[in-house]
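One structure is given here, and the rest of the page talks about it.
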Amino acid sequence: MPILTLITFLPIIGVFFILSMDSRRSELIRVTTLLVSVVVFFISLPLYVTFDAHTYEMQFVEKLQWIPSFGIHYHVGIDGISLFLILLTTFITPISILASWHITRNVKEYMVAMLVLETGMIGVFISLDLFLFYVFWELMLIPMYLLIGIWGGPRRIYAAVKFFIYTMAGSVFMLLAIIALYFLNHRTTGEYTFNLLEFYRLDLSFAVQFWLFLAFAFAFAIKVPMFPFHTWLPDAHVEAPTAGSVILAGVLLKMGTYGFVRFCLPLFPEASHAFIPVISWMAIVGIIYGALVSMVQDDLKKLVAYSSVSHLGFVMLGIFAFNIQGIEGGITQMINHGLSTGALFLVVGMLYERRHTRMIADFGGLTKQMPVFATFFLIVTLSSIGLPGLNGFVGEFLILVGTFKSRILYASIATSGIILAAVYMLWMFQRVMFHEITHEENKTLQDINKREFAILIPIMLLIFWIGIYPSSFLRKMDASVNHLLKQIGEKANIVSNVQKQNNNITPLIDIVPETKTEW
Amino acid sequence: MLNLVALILLFPLIGAAFNGTIGKRLRKENVGYIACGAIGLSFFVSLLVFCGLLLLPPEERLFEKQLFCWIESGSFKSVVGLQVDPLSTLMILVVTGVGFLIHIYSIGYMHHDKGYHRYFCYLNLFTFSMLLLVLSNNFLLMFIGWEAVGLCSYLLIGFWFEKKSASNAAKKAFVVNRVGDFGFALGIMLIFLTFHTIDFTEVLSAASHGNFEAGSFTITIITLLLFMGATGKSAQIPLYTWLPDAMEGPTPVSALIHAATMVTAGVYMIVRCNALYMLSPFTMIVVAGIGAVTALFAASIGLVQNDIKRVLAYSTISQLGYMFLACGVGAFTAGVFHLMTHAFFKALLFLGSGSVIHALSGEQDMRKMGGLRHHIPTTYKTFLVGTVAIAGIPPFAGFFSKDEILLESLVRGNFIYWSIGALAAFFTAFYMFRLLFMTFHGESRLDHHAAEHLHESPRNMTLPLTVLAGLSFFGGFLGIPGASAINHFLSPVLGGHGHTEIPGAASGGHHGAWLPYLMMVVSTAIALGGIFLAYHMYIKKPALPKKLAERFSLIYKLLLNKYYVDEIYDALFVHPTKKISAQILWKLVDVKMIDGSVNGIARLVRGFGNVLRLLQTGYIRNYAFYIVLGCIFIIVFAVFGK
């Protein structure tokens, strides 16, 4: 059964159903959308169960000709790196839809956007053809733009345009790089193709790698977002409706980090090595800076948005540790961030629905009125802080171990991020949930209802599952990550030999072998 | 019997899960029964494990039970495995035993509280976490327990979350502990990098089998980083500031978490890693130094505090300092011994103070107490036992353990350690008897409301007090010099006689047989001196303290305000961080510089567009003009361009 195609395009089929419905029957539309996304989730589960953890080869591969004259294929498949991102997407989407029940304006259009978005997101993670990848990459931009621009807050137009243009600016360079790869591949093999697996075999000179890495990295760094390309994120998050924020944080940001793992590292290993210090320092600055700026926010969504900058800094640091702990930690942390930060946005959304404000100062003492909500909120907060036994710790610690192995200094500075995380999260939690209730409006707040309970419970289960028994996730990644490391290592050696012969470009940064440990 | 060890963890976890989920719908009695029953069962199994261990010959007393693999990535591996050896067995006995008594006490103490089930859920969760900490067989699993007890501490300090001071204290405790954990986490990473494993048995055997030279740089860094974690959890200088504030929590919590068990985790960790610490003479000096200074520093603050729980909090910090002093001079058994006796008498003292507070409807200020001994006789008698024990009067428990530490600090350390410890012991005797006299003796200074409701605590509160008083009296006999049962029991973990020499340190142990006896006399004399001074100042001449405070007002204010350390930390770390983050990082760098340039680029593009738009006028004559201009340009270029 072509599972990947099924989960990618089932949402589109759902779109046609919904389009045929009367737009006044909003309840029917909601339920149908939810149903479609839930079905997609259940169809995606066999990916996990039947996934063969012993091989690094792409699995569930489907390959069809699409535009033969340009050598473009519909070529999809997954490995241990993309597996969990796809599952994360199919998991987060129904939750976001369930969290959109309060949307009353243009329900039909909203739900269509959500489903198209799901198609785009899954497509990005399964594409093995760079042209196809680019199509999905741009496709998912449009529904997100609409979600922010139509159903967003007061400054939604500014935020939506900023989000769109920012991402586009990066994408343009990526497109150029993809086309360059296309012709470079033709020059060596005589074949026109966008096949990623073919591109992996290319031996590019350092100079070429250098520029192509920059082009890809620029697109991905904006998406992650890495400091200093992050300023679109707080605006987009603040203005986006709850579900938009959840998907943005939960899945969209992961495309940047995924891009680094899937494209930058294996395609341009030598350049990636050379960029370790640059990327690592950007990541470290992001960790500290994001945490400090997050600490002083008075808008809950902005606080969570800046905390994402900090968390994703950890992911990037882990990926650029260039060893198994770092990369596996990085992938785990992508999932964790999707769950915890997604949940944080859900929780903030629940407060917003009740009070129509996100200002921390408008809350205080809510625990008294909402004890069940308080428990969930606390667990999510602790997961985000990285409390051992919950999911966040597993990823964060592996990242730090990996980084520590390659560069002790980087790890030591980054570890201070765990102190700051406790500061900004607990301070926020205290101001929202503890103390006496000072605002009259908060005295009548209702605790969470069944729908909200249903939204949060699955996330809680995963938070504990990953925290207590991460092996069921890590073991599926082993083969793929090991292969990736081999790819980086082997190709880096070949290229460095080539480079010695025609040494016409001096690398900006000294290349440090990954095995060496520095203080 | 050793196979049962997992049950010790399981019971409290089930208790917590039960009370946490459906506790709200249960009757109060049942909530209490479940929580106490869980710990009781856990204590029972701990006893079985203890017996099982005793049945084995001493050198085989190490048992590991691996449950499942927790985190594994490449060569990095951390399993969930439990380690039973004399050290961890002693700890689980203390944790479940004292914990059980405090749970029973809590039934009475928390009876009127609305968050009854929440309280017992947290308390059980704490016990689970603490047991995990002491039973873990590797550093990372210990770190889970380490952070989880911190979480429970956070939840219980902030139990009355409506109070701003309580939630502030909770947050402070968590954050300050995180600073320590920063060191601990780095320490674990460095251990992994150095030893390629984080399993206790493997790391410690590699350390003790001569793979590393004494004084090795890496080992020194590792031990210092771990010790950083210990200063956080065990409230030592410079990270002790959270513990006095932690008294915002319910009093039984202060007894269990902030006196008897959690705060001793740092000591436990160092004793557990004694093989590593023995390799680093430098770290040992740091540990002993910080321990000694903290002991004196905290005791000096305790001299003038007026809040009954705060006096006990500073006393705890000071006593923990003694334990670190013992570890720092290599007398690990003495440290563990004091850990145990301290758990008895400090739990007793806290529970006793809780009984006082309960009797006075929540009053904690000792200036509003006095003369209580006739009204709450059981509390008074048991509290007296605890006070005498901590002051160090033979044959009470505190005497033996403290005396051993002082002796070892002189024999293995130097005269400076001893004199700091001795001075702190003098302070201890003074402030504890000051507390006793101000609370139970002299004139009653109660206000009307408190006096009216004055009552002795119920049975379920006085019973634990009595049991703990018994332990505070007899506990010391486990470690009497010459025939120390605890020394003998711990020797498989701590080597030889539980005392190993620090390589390179001044050789001790060659003292005459008379020295221990002389030291006993001296430390008893010191304690009696402190007691006498307190008696003189607070019973004989009650006006004297006030006069002294006026006379030495500078010192008095300094002590009363705890050397202004909180204020200094605020000024140095808290305020600058907030200010820099808000004013510079956010408003300047983020909004003005980064976002400003993003918007600037956008404006530039728009401006450029506006300029170009001027060209598109729609008049034919303008376009014709541009064409002519273009032609001229091309011609000029063609003629002169070459």
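The residue that is surrounded by the most Cβ atoms within 10 Å (Cβ to Cβ), counting only those in the range B:161-184 that are more than 9 Å from chain A (Cβ to nearest Cβ), in contact with an Asp or Glu (Cβ under 9 Å, 6 or more places away or on another chain) and under 18 Å from A:M425 (Cβ atoms), is B:A173. Filter the range B:53-81 down to residues that are more than 21 Å from B:L133 (Cα to Cα) and touching a helix residue (DSSP H, G or I) at 6+ places or on another chain (Cβ under 8 Å) and give me whichever is surrounded by the most Cβ atoms within 10 Å (Cβ to Cβ). Taking the candidates together, the pick is B:S73.
Out of B:L67, B:L13, B:L9, I need the residue that is in a strand (DSSP E or B) and within 14 Å of chain A (Cβ to nearest Cβ). Which one? Of the residues listed, the single one that is in a strand (DSSP E or B) and within 14 Å of chain A (Cβ to nearest Cβ) is B:L67.
Of all residues assigned to the range A:274-284, at least one qualifies as being within 14 Å of chain B (Cβ to nearest Cβ) and among the hydrophobic types (A, V, I, L, M, F, W, C).
Residues that are under 30 Å from B:I188 (Cα atoms): list the helices (runs of 4 or more DSSP H) wholly contained in the range A:305-423 that include at least 3 such residues.
Here the list reads A:324-355, A:371-385, A:391-406, A:408-415.
Among residues of the range B:67-87 being polar (S, T, N, Q) and touching a residue at least 60 places away in the same chain (Cβ under 8 Å), the one that is nearest to B:L339 (Cα to Cα) is B:Q83. Determine, yes or no, whether B:L588 is within 14 Å of chain A (Cβ to nearest Cβ), at pLDDT 85 or above and outside any loop (DSSP other than H, G, I, E, B). For B:L588, the condition - within 14 Å of chain A (Cβ to nearest Cβ), at pLDDT 85 or above and outside any loop (DSSP other than H, G, I, E, B) - is met. Scanning the range A:165-202 for residues that are more than 18 Å from A:G259 (Cβ to Cβ), crowded, with 19+ Cβ neighbours inside 10 Å and not hydroxyl-bearing (S, T, Y) turns up just one, A:N185.
Criterion applied to B:V311, B:V388, B:V287 was being farther than 30 Å from B:A549 by Cβ, among the aliphatic types (A, V, I, L, M) and assigned to a helix (DSSP H, G or I), and the one residue passing it is B:V287. Looking at B:Y417, B:Y431, just one residue is over 30 Å from B:Y380 (Cβ atoms), in a helix (DSSP H, G or I) and at pLDDT 85 or above, and that residue is B:Y417.
Among the criteria (1) under 30 Å from the mean Cα position of the chain (by Cα); (2) farther than 27 Å from B:P244 by Cβ; (3) modelled with pLDDT under 90, the one B:N561 does not fulfil is (2). Hey, does the range A:203-217 have a residue that's surrounded by fewer than 24 Cβ atoms within 10 Å (Cβ to Cβ) and within 14 Å of another protein chain (Cβ to nearest Cβ)? Scanning the range A:203-217, I find no residue that is surrounded by fewer than 24 Cβ atoms within 10 Å (Cβ to Cβ) and within 14 Å of another protein chain (Cβ to nearest Cβ), so the answer is no. The residues in the range A:120-131 that are under 18 Å from A:W66 (Cα atoms) and either assigned to a helix (DSSP H, G or I) or touching an Asp or Glu at 6+ places or on another chain (Cβ under 6 Å) (or both) can be counted, and the count is 6.
Looking at B:S106, is it away from chain A (no Cβ under 14 Å) and either in contact with a helix residue (DSSP H, G or I) (Cβ under 8 Å, 6 or more places away or on another chain) or not in a helix (DSSP H, G or I) (or both)? Answer is yes for this residue.
Of the residues that make up the range A:64-82, is at least one under 20 Å from the mean Cα position of the chain (by Cα), surrounded by 22 or more Cβ atoms within 10 Å (Cβ to Cβ) and part of a helix (DSSP H, G or I)? The answer is no, given that none of the residues of the range A:64-82 is under 20 Å from the mean Cα position of the chain (by Cα), surrounded by 22 or more Cβ atoms within 10 Å (Cβ to Cβ) and part of a helix (DSSP H, G or I).
Filtering A:F345, A:F404, A:F377, A:F373 for residues that are among the aromatic types (F, W, Y), free of Cβ contacts under 8 Å to residues at least 12 places away in the same chain, crowded, with 18+ Cβ neighbours inside 10 Å and out of contact with any Leu (no Cβ under 6 Å at 6 or more places or on another chain) leaves a single hit, A:F404. State yes or no: is A:A421 at the interface with chain B (Cβ under 7 Å from one of its Cβ atoms) and either under 22 Å from the mean Cα position of the chain (by Cα) or among the small types (G, A, S) (or both)? In short, no.
Against the conditions (1) away from chain A (no Cβ under 14 Å); (2) in contact with a Ser or Thr (Cβ under 6 Å, 6 or more places away or on another chain); (3) not aromatic (F, W, Y), B:V149 satisfies every one except (1). For the range A:445-471, a residue qualifies if it is under 14 Å from A:F373 (Cα atoms) and free of Cβ contacts under 8 Å to residues at least 24 places away in the same chain, and the qualifying residues are A:N449, A:K450, A:I457. Just to be sure, is B:F227 under 21 Å from B:L494 (Cβ atoms) and modelled with pLDDT of 95 or more? Yes.
The values are calculated or read from the model by the stated rules, or taken from the named source; none is laboratory data. This structure is a prediction, so every number in the text was calculated from the model and none was measured. Cβ sites come from the backbone with ideal geometry, for glycine too, and all protein chains shown count toward neighbours.
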